[in-house]
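Report on the following structure.
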Amino acid sequence: MEDLKVTIVQSSLHWEDIDANITMFSKTLDGIVPETTDLIVLPEMFSTGFTMNAETLGEDMNGKAVRWMKKTAAKLKCVITGSLIIKDKGKHYNRLVWMRPDGTSETYDKRHLFRMGDETNHFAAGTKRITVELKGWKICPLICYDLRFPVWSRNTDTYDCLIYVANWPDVRSYPWRQLLIARAIENQAYTIGVNRIGVDGKDMDYSGYSAVMDPKGQIISATKPDKPSVEMVTLSRKALDDFRKAFPVAVDADKFEIQ
């Protein structure tokens, strides 16, 4: 099976300005040559920042940010993913969109809403986790606060890569870094965390610390905190398969069901 080339984008965000963020990310990704990466990962709520102004900023699945994702995926001939505010059947979701270059997509609605940031009062929680496939790789994409819940993240369907898109503040950057390592080790999977930088409209500071971990929990990316970055990292299929074969932890995993 082929290796997977993943591009992580660490960036500041324009507060509650969808047009400005679309323009910014278009310029940021302009230097990527089509077909040189398989997947581009953007932060959580990449089109607005982590705002609770869902009523005003929520778009449907044909909104300008989703249309931009479709156009960009087609142009660069790769998958692009990130979360944004989506209004669906009268409810608002912090929804991750997995957009393929052929215009088809999968979606995941954030399961664990960040109550300390009032997200529970403005958004509906998702109920289903998804696993998507790309070049034979099974990938589980999740969102920010989900990182704190190992049961929800648990590798019960043998995924190969775990992704967290986030707006995780600097004040809690230590747990962000440690939990990414823990999720990689306990699930024996590549783990990607893409976080924003800068200051948002609530004066919350973000330092990024976006990273790619190998299945042993070792950092294999070079993104620096507080710096805008577009970095491509190659995930080795052979290294993953060899490690799991030599150290088959999953064989002894406990069985459980998520309610």
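Laboratory data are not the source of any read-out in this text; all were calculated from the coordinates shown. On a predicted model such as this, the values are computed, not experimentally measured, just so you know. Using ideal geometry, Cβ is built from the backbone for each residue, glycine included, and neighbour counts are taken over all protein chains shown.
Of the peptides 244-254, 28-38, 2-12, 138-148, the ranking by mean beta-carbon count within 10 Å, highest at the top, reads 138-148, 2-12, 28-38, 244-254. Using a cut-off of 32 Å between Cα atoms, the listed pairs Lys71/Lys227; Lys89/Lys138; Lys27/Lys128; Lys91/Lys224; Lys5/Lys202; Lys5/Lys91 include Lys27/Lys128; Lys91/Lys224; Lys5/Lys202; Lys5/Lys91 as exceeding that distance.
In Å, the Kirkwood hydrodynamic radius of the chain over pairs of distinct alpha carbons?
18.2
With a simple spin-label model that places each label point 7 Å from the Cα along the Cα-to-Cβ direction, the separation between Ile258 and Arg148 comes to 1.7 nm. For helix 173-187, what angle does its Cα long axis make with the longest principal axis of the chain, in degrees from 0 to 90 and rounded to 10? Once rounded, the angle reads 40 degrees.
For the chain, the longest principal axis of the alpha carbon atoms and the long axis of helix 64-76 meet at an angle near 50°.
Helical content of the chain, expressed as a calculated mean residue ellipticity at 222 nm, amounts to -6500 deg cm²/dmol (DSSP H runs of 4 or more residues, -39,500 (n - 2.57) each, divided by residue number, nearest 500). With R₀ set to 30 Å, the beta-carbon distance separating Ile220 from Asp118 gives a calculated FRET efficiency near 0.25. A Förster distance of 30 Å, applied to the separation of the beta-carbon atoms of Ala125 and Lys245, puts the FRET efficiency at 0.20. Summing Lys, Arg as +1 and Asp, Glu as -1, what charge do residues with Cβ under 15 Å from the Cβ of Thr36 carry, Thr36 excluded? Net charge around Thr36: -2. Here the spin labels are modelled as points 7 Å beyond Cα on the Cα-Cβ line, and at Lys77 and Arg172 they lie 4.1 nm apart.
Peptide packing for 47-59, 125-137 was compared via the average number of neighbouring C-beta atoms within 10 Å per residue; ordered from the highest value, the list is 47-59, 125-137. Between the helical axis of 18-28 and the longest alpha-carbon principal axis of the chain there is an angle of about 50 degrees. With coordinates expressed along the principal axes, the C-alpha atoms belonging to the stretch 31-172 extend over 40, 35, 32 Å, beginning with the largest.
Look at where the Cα atoms of the stretch 195-251 and of the stretch 113-183 average out, and the two centres are 13 Å apart.
Note on the stretch 98-190: Rg/Rh from C-alpha atoms, Kirkwood Rh, equals 0.97.
Each of Leu162, Leu13 was scored by other Cβ atoms within 10 Å of its Cβ. Listed from fewest to most, they are Leu162, Leu13. Net length available on complete extension from Lys138 to Met1 is 48.1 nm, with 0.36 nm assigned per residue and the Cα-Cα distance removed.
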